[in-house]
């Protein structure tokens with residue numbers, strides 16, 4: 001019984017927030033930092049840019065709240081994390097922190113007092129960030145408007161709130177270390193790897209977790225976003241979101257605008273693009289595309305089964321009528337879509353991934369591709385969750401996943417019901 005209790009306790013300590021979700025328990029104990037000269041303008045500009053690359057505001061800003069003032073609630077199966085205030089307010093924020101304190105959090109995953117932080121703050125990825133970049137981000141954060149705004153305490157269920165067990169988790173799954181360039185690769189490739197593996201913390205969402213919540217599958221191999229009803233597809237498999245068959249420019253366009261070819265970003269990824277990736281330089285986005293293309297591998301060839309049960313065929317046939325009534329005007333009778341406006345569904349790997357979760361959520365909730373400088377008024381998809389039953393959603397999703405050459409599993413009403421809402 002004691003052994004079981006320890007395992008259960010450790011389980012929650014590995015929680016990772018969405019896309020790139022940064023959460024740590026800000027520590028306020030300790031003495032004031034010594035006065036230091038104002039940082040140079042180029043360091044502040046670099047820090048502002050890097051904070052965008054890490055999407056710090058995306059997690060540390062509550063809806064309608066002051067930027068970086070925290071308070072955003074992140075529900076998970078193990079309880080709710082609340083993001084801390086990282087403005088330079090001396091009482092409620094990190095105004096008493098030093099650059100060394102900030103580095104300790106980023107690189108070592110420890111608070112100002114040396115206690116381990118919950119790995120929901122993705123220090124497992126941020127540890128790869130250089131000290132120079134960490135210092136620049138900290139210098140920038142010290143210049144934002146201070147917000148004297150406290151935040152609620154994390155509400156974690158027992159035994160997941162037993163903080164000392166973090167030492168066990170860290171011993172098993174965390175090794176600090178700055179990114180080391182691969183000598184056999186170009187500077188561009190290494191820059192892309194640094195951004196993807198470090199500040200971009202892509203693995204925080206695009207990986208499968210084991211029973212203890214640590215990465216249990218291949219890096220960037222795909223997985224459900226913790227606490228959200230979305231699936232972050234594999235960035236390595238060309239059966240999902242691997243970019244091996246695209247040219248680099250198309251991948252870069254998808255990263256910076258959210259739409260390219262028959263691919264379109266939705267859900268948490270659309271948020272990341274709107275809040276972070278669209279603000280990166282063309283050079284950095286291209287470097288990320290170069291790296292992602294290099295790690296993409298062809299999926300194992302498995303013949304698509306055409307031996308569908310009579311029940312599956314009936315569901316698909318019923319879905320065809322629903323598609324014609326609700327979807328055809330935008331996505332076309334043959335699933336061809338409209339280039340640059342409505343994504344094609346025919347041949348779209350986004351709708352044929354092993355997990356049908358994203359297609360279900362898109363039909364249920366609708367949504368938009370990200371609002372970006374180059375696409376300030378994107379076309380959107382209306383929600384159909386209020387108009388269709390779970391069975392009807394299952395039917396139309398099954399039709400989309402098995403038409404125009406697409407071949408994927410048939411979806412049931414039970415799967416739709418279990419998908420929940422985001």
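Structure summary
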read-out: Pairs where the first residue, in the stretch 180-194, is without any contact (Cβ under 8 Å) to a residue 24 or more places away in the chain and the second is in a helix (DSSP H, G or I) and loosely packed, with under 10 Cβ neighbours inside 10 Å, C-beta under 9 Å, 6+ apart; value: 181/187
read-out: Single match in 57, 45, 12 (criterion: under 30 Å from residue 233 (Cβ atoms) and modelled with pLDDT of 70 or more); value: 57
read-out: Test set (1) more than 26 Å from residue 364 (Cα to Cα); (2) surrounded by 20 or more Cβ atoms within 10 Å (Cβ to Cβ) - residue 281 fails condition number; value: (2)
read-out: Residue under evaluation residue 239, criteria (1) surrounded by fewer than 23 Cβ atoms within 10 Å (Cβ to Cβ); (2) under 15 Å from residue 265 (Cα atoms), criterion not met; value: (2)
read-out: Residue in the stretch 117-138 that is more than 22 Å from residue 198 (Cβ to Cβ) and not in a helix (DSSP H, G or I) present; value: no
read-out: Residues satisfying the stated conditions in the stretch 132-174, i.e. without any contact (Cβ under 8 Å) to a residue 24 or more places away in the chain and over 29 Å from residue 67 (Cβ atoms); value: 158, 164, 171
read-out: Looking only at the stretch 145-178, and only at residues there that are crowded, with 19+ Cβ neighbours inside 10 Å and assigned to a loop (DSSP other than H, G, I, E, B), the one that is modelled with the lowest pLDDT; value: 160
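Let's see how each residue does on (1) within 28 Å of residue 256 (Cα to Cα); (2) surrounded by 14 or more Cβ atoms within 10 Å (Cβ to Cβ):
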{"position": "315", "(1), (2)": "no, yes"}
{"position": "352", "(1), (2)": "yes, yes"}
{"position": "362", "(1), (2)": "yes, yes"}
{"position": "370", "(1), (2)": "yes, yes"}
{"position": "374", "(1), (2)": "yes, no"}
{"position": "385", "(1), (2)": "no, yes"}
{"position": "395", "(1), (2)": "no, yes"}
{"position": "399", "(1), (2)": "no, yes"}
{"position": "402", "(1), (2)": "no, yes"}
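The values are calculated or read from the model by the stated rules, or taken from the named source; none is laboratory data. Fair warning: this is a prediction, and the values are worked out from it, not measured in the lab. Cβ sites come from the backbone with ideal geometry, for glycine too, and all protein chains shown count toward neighbours.
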